[in-house]
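**Q** Supplied in structure tokens, the structure appears directly below.
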Amino acid sequence: MKSSVFIAARSAAWVLGVCASLSAHAVNSFDMATGRLSLDSVTAGGTTYNNVVVTVNTYALQSVAGGAPGATSFDPASNILTLGTVSFRGATYNNVRVRIDSYALTASTYSDCANNSALVSVGSTYQSVMQGTDQSVASTTTTVNRTSTYSGVSALEVQADTVILAGSYAGATTSAKSYMQVAASSINTLGNATTVSIPGQGTLVVSMAFSPAIQSPLDLALNASVSQSASVATTNSLTGSMTVTTSQTMTYQGMEVVSVPAGTFTACKVHSDTVTTSGNSSASASLTSWRIASGPYRGLVAKTLDHKTSVQSVATKLSLNGV
């Protein structure tokens with residue numbers, strides 16, 4: 001009985017106030033009022049992340065092993081957080097295992113995921129293979145070709161070549177050249193030209209010029225949204241020219257650990273809603289994406305969810321500049 005009381009008391013102490021260093025070299029804290037757990041560093045999925053902030057909602061103590069303190073790590077498959085060392089009310093516990101049943105990663109701004117200079121450096125190449133719940137598989141290779149001009153202004157030419165490997169449009173290819181300017185707080189797309197080839201159905205060429213440029217923010221704060229509208233001058237090789245209006249709202253929803261076939265990553269969760277209007281008709285899209293926050297694939301997309309079709313796509317292969 002005394003042992004059970006001691007374990008319960010120790011569990012309550014951790015739940016109410018984990019607030020100590022997790023190793024001799026790291027200081028971590030837990031804010032009881034907000035449920036915010038700040039970790040100096042933690043290893044998850046083979047990658048070490050520094051300065052991780054987690055809002056812990058529900059959790060339960062599993063064990064206190066004692067002995068020499070080990071590393072601080074998190075297993076997203078079982079939701080087990082292993083803390084090398086925890087000090088509380090003058091007592092120190094080593095190798096504490098806690099099951100985190102509900103949590104959310106947070107970060108001050110979206111720049112942790114979006115602002116990777118390698119993705120906008122001339123000569124960079126990155127690839128992703130995405131598999132959807134609709135059995136589709138698409139392989140996209142993106143290359144930052146050169147500094148060029150678009151409508152008389154300097155812009156980066158970025159080319160994305162996609163091949164549909166499986167699904168309804170297997171064999172179809174898309175080659176899209178986008179013209180972008182990199183600003184301090186956003187990447188602005190001036191326009192693009194896309195060629196789509198579908199086996200048995202021919203080739204379609206579409207160009208679009210945006211006025212003003214479409215902005216992709218790099219510094220959205222947590223739960224902040226940005227809305228924008230643009231006029232789009234479109235030229236279609238089949239139907240001719242027309243002008244439409246597009247409106248988009250983008251919201252940064254914080255960070256999550258996601259596990260996909262390509263690996264386990266800390267990722268920024270971003271939701272976007274888009275409405276395109278032409279005359280009296282309109283079309284809408286709603287998409288959530290998870291963009292990798294650190295490591296060799298920082299800035300690449302690990303997962304997407306199309307809310308209109310309910311199709312979820314996950315990365316099965318990622319590479320950036322040969323890695």
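**Q** Kindly indicate which of 153, 163, 182 is surrounded by fewer than 15 Cβ atoms within 10 Å (Cβ to Cβ), over 16 Å from residue 300 (Cβ atoms) and in contact with a strand residue (DSSP E or B) (Cβ under 9 Å, 6 or more places away or on another chain).
**A** 153
**Q** Search segment 117-128 for residues being in contact with a Phe, Trp or Tyr (Cβ under 9 Å, 6 or more places away or on another chain) and not small (Gly, Ala, Ser), and hand back the single one that is surrounded by the most Cβ atoms within 10 Å (Cβ to Cβ).
**A** 126
**Q** Could you check residue 58 against (1) open to solvent by 40 Å² or more (accessible area, probe 1.4 Å); (2) modelled with pLDDT of 65 or more; (3) in a strand (DSSP E or B); (4) closer than 26 Å to residue 297 by Cβ and say which number it fails?
**A** Answer for residue 58: the failing condition is (4).
**Q** In this structure, is residue 266 in contact (Cβ under 8 Å) with a residue 60 or more places away in the chain and farther than 21 Å from residue 112 by Cα?
**A** no
**Q** Same structure again: For residue 155, all conditions in the list (1) out of contact with any Gly (no Cβ under 9 Å at 6 or more places or on another chain); (2) closer than 19 Å to residue 214 by Cβ hold save one; what is the number of the exception?
**A** (1)
**Q** Out of the residues in segment 211-224 meeting the condition of being within 21 Å of the chain's Cα centre (by Cα) and open to solvent by less than 70 Å² (accessible area, probe 1.4 Å), tell me which one is modelled with the lowest pLDDT. Show your work before the answer.
**A** Taking segment 211-224 as the starting set, the residues that turn out to be within 21 Å of the chain's Cα centre (by Cα) are 214-224.
If we keep only those that are open to solvent by less than 70 Å² (accessible area, probe 1.4 Å) too, we end up with 214, 216-218, 220-222, 224.
On the way: 214: 95, 216: 92, 217: 90, 218: 89, 220: 87, 221: 84, 222: 81, 224: 88.
The residue in question is 222.
**Q** Could you list, in sequence order, all residues of segment 166-196 that are at pLDDT 95 or above and among the polar types (S, T, N, Q)?
**A** Result: 173, 174, 175, 178, 181, 188, 189, 192, 194, 195.
**Q** While we're on this one: Counting just the residues of segment 306-323 that are under 13 Å from residue 127 (Cβ atoms) and assigned to a strand (DSSP E or B), which one comes out nearest to the chain's Cα centre (by Cα)?
**A** Per the stated criteria, the residue is 315.
**Q** Mind counting the residues in segment 67-91 that are at pLDDT 85 or above, within 22 Å of the chain's Cα centre (by Cα) and assigned to a loop (DSSP other than H, G, I, E, B)?
**A** The qualifying residues number 2.
**Q** Looking at 149, 140, which is the one that is assigned to a strand (DSSP E or B) and free of Cβ contacts under 8 Å to residues at least 12 places away in the same chain?
**A** 149
**Q** Next question. Please determine, by comparing only the residues of segment 298-323 that are of a type in the set (Lys, Arg) and surrounded by fewer than 18 Cβ atoms within 10 Å (Cβ to Cβ), which one is farthest from residue 112 (Cα to Cα). Show your work before the answer.
**A** Going through segment 298-323, the residues of a type in the set (Lys, Arg) turn out to be 298, 303, 308, 317.
Applying the additional criterion that residues be surrounded by fewer than 18 Cβ atoms within 10 Å (Cβ to Cβ) yields 308, 317.
Values: 308: 28, 317: 22 Å.
Residue satisfying both the conditions and the ranking: 308.
**Q** Within segment 248-255, can one find any residue that is free of Cβ contacts under 8 Å to residues at least 24 places away in the same chain and either assigned to a strand (DSSP E or B) or open to solvent by 60 Å² or more (accessible area, probe 1.4 Å) (or both)?
**A** no
**Q** Of 191, 167, which residue is closer than 29 Å to residue 220 by Cα and over 22 Å from the mean Cα position of the chain (by Cα)?
**A** Selected residue: 191, the only one of 191, 167 that is closer than 29 Å to residue 220 by Cα and over 22 Å from the mean Cα position of the chain (by Cα).
**Q** A further question on this structure: Are any of the residues in segment 298-305 without any contact (Cβ under 8 Å) to a residue 60 or more places away in the chain and part of a loop (DSSP other than H, G, I, E, B)?
**A** Residues of segment 298-305 that are without any contact (Cβ under 8 Å) to a residue 60 or more places away in the chain, as a first pass: 302-303, 305.
If we keep only those that are part of a loop (DSSP other than H, G, I, E, B) as well, we get none.
The answer is no, given that none of the residues of segment 298-305 is without any contact (Cβ under 8 Å) to a residue 60 or more places away in the chain and part of a loop (DSSP other than H, G, I, E, B).
**Q** Kindly evaluate residue 243 against the criterion of being hydroxyl-bearing (Ser, Thr, Tyr), exposed (fewer than 14 other Cβ atoms within 10 Å of the Cβ) and more than 20 Å from residue 215 (Cα to Cα).
**A** The answer is no for residue 243.
**Q** Among 196, 158, 205, which is the only one that is open to solvent by 60 Å² or more (accessible area, probe 1.4 Å) and of a type in the set (Val, Ile, Thr)? Please lay out each step first, then the result.
**A** Working: 196 fails: open to solvent by 60 Å² or more (accessible area, probe 1.4 Å); 158 fails: open to solvent by 60 Å² or more (accessible area, probe 1.4 Å).
Only one candidate qualifies: 205.
**Q** Among (1) touching a residue at least 24 places away in the same chain (Cβ under 8 Å); (2) within 13 Å of the chain's Cα centre (by Cα), which single condition is residue 287 missing?
**A** Evaluating residue 287 over (1) touching a residue at least 24 places away in the same chain (Cβ under 8 Å); (2) within 13 Å of the chain's Cα centre (by Cα) leaves (1) as the failure.
**Q** Limited to segment 264-297, what total is found for residues that are buried (at least 18 other Cβ atoms within 10 Å of the Cβ), part of a strand (DSSP E or B) and not polar (S, T, N, Q)?
**A** Of the residues in that region, 8 qualify.
The values are calculated or read from the model by the stated rules, or taken from the named source; none is laboratory data. Not measured: the values here are computed from a predicted model. Heads up, the Cβs are rebuilt from the backbone with ideal geometry, glycines too, and the neighbour counts pull from every protein chain shown. Note: areas computed on protein heavy atoms with side chains; ligands, DNA, RNA excluded. Shrake-Rupley method; radii C 1.70, N 1.55, O 1.52, S 1.80 Å.
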